[in-house]
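So the structure is just underneath, and the comments pick up after that.
Taken together, the values in this text are just the output of simple stated rules run on the coordinates, not laboratory data. The model shown is predicted, which means the values in this text are computed figures rather than measured ones. When we count neighbours, we look across all protein chains shown, and the Cβ atoms used for this are built from the backbone with ideal geometry, even at glycine.
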Amino acid sequence: MKKNILITIIISLTVYLSACSTKYVDIETNNVSLKIPSTMMENKNNIFVGAEIEYEDSIKDIYVVVFKKNKEKFEGTILEYQKEDIELVLRDESLSFKTKDKKIKGTKAIISDVETEDEDGITIWKIALLESETDYFTVWTWTGPDYKDENLITMKKIIKSFKIK
């Protein structure tokens, strides 16, 4: 029993330290900035039409996409926008779904942790929704189960680094 606990601690520590040692680079647009792992490459194939930012590391199975929606074009509250936006992820029943109100760089944010399953398998999502005076921003990060532990740490760092200019 003690041996299993020790092995679990060693594996967890290794995953945590490898995620902490990842080098991050700044990505900026006219509207936002965030930090992503230097191993992520810009996706030129457009995962989602209309995305402000799209990066991926297909080897480590981690992705980040940022959307911007003008409030005038969406006549609703941030909670209504969240419902519409997250329903894109929740095509089918989710395996788990948790939402928290937080602050990111001084901006109110709604952060959702979602796990879904479809024909491609399980997907783990961390989604942040932020509001500026004129726009809603959504940061989608996701991964598969193979790198879940390492990527959850990275996904959290990406979201915490998000800043509206």
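After finding the eigenvalues of the alpha carbon gyration tensor for the range 23-164, what semi-axes result from the square roots of 5 times each, listed largest first in whole Å? Could you put the intermediate results ahead of the total?
Details: eigenvalues 93, 70, 40 Å².
One finds semi-axes of 22, 19, 14 Å for the range 23-164.
Per-residue HN-Hα couplings for the range 118-131, Karplus 6.51 cos²θ - 1.76 cosθ + 1.60 at θ = phi - 60°, whole Hz, x for Gly and Pro?
Computed from phi, the couplings for the range 118-131 are 9, 5, 8, x, 8, 10, 10, 10, 10, 10, 10, 10, 10, 10 Hz.
Note down the net charge around GLU150, summing +1 for each Lys or Arg and -1 for each Asp or Glu among other residues with Cβ under 15 Å from its Cβ.
Net charge in that neighbourhood comes out at +2.
Could you check the spin-label model distance between THR22 and GLU75? Points 7 Å from the Cα along Cα→Cβ, value in nm.
4.1 nm
Using modelled amide H (1.01 Å from N, peptide plane; none on Pro or chain starts), what sits under 5 Å from the amide H of TYR24, excluding residues fewer than 5 places away?
Distant-sequence amide H within range of TYR24: SER38.
Just add up the charged neighbours of THR141: K/R +1, D/E -1, any other residue whose Cβ is under 9 Å from the Cβ of THR141.
Details: positive: LYS126, LYS156; negative: none.
My count for the surroundings of THR141 gives +2.
Using a simple charge model, +1 on the beta-carbon of Lys and Arg, -1 on the beta-carbon of Asp and Glu, nothing else, what dipole does the range 23-164 show about its Cα centre, in debye to the nearest 20?
On the way: 22 positive and 29 negative charges, 186 e Å.
With only Lys, Arg, Asp and Glu charged at Cβ, the dipole is about 900 debye.
Would you mind checking the range 120-147 for residues with the amide N under 15 Å from a putative spin-label position 7 Å along Cα→C-beta of ASN31?
Within reach of a label on ASN31: 128-140.
For the range 148-160, in order, what is each residue's ³J(HN,Hα) by Karplus, 6.51 cos²θ - 1.76 cosθ + 1.60 with θ = phi - 60°, in whole Hz (x at glycine and Pro)?
Running phi through 6.51 cos²θ - 1.76 cosθ + 1.60 with θ = phi - 60° gives 3, 4, 5, 6, 4, 5, 5, 4, 5, 5, 4, 5, 5 Hz.
Return the long-range amide H neighbours of ILE104 (sequence gap of 5 or more, or a different chain), with a cut-off of under 5 Å between placed amide H atoms.
ALA109
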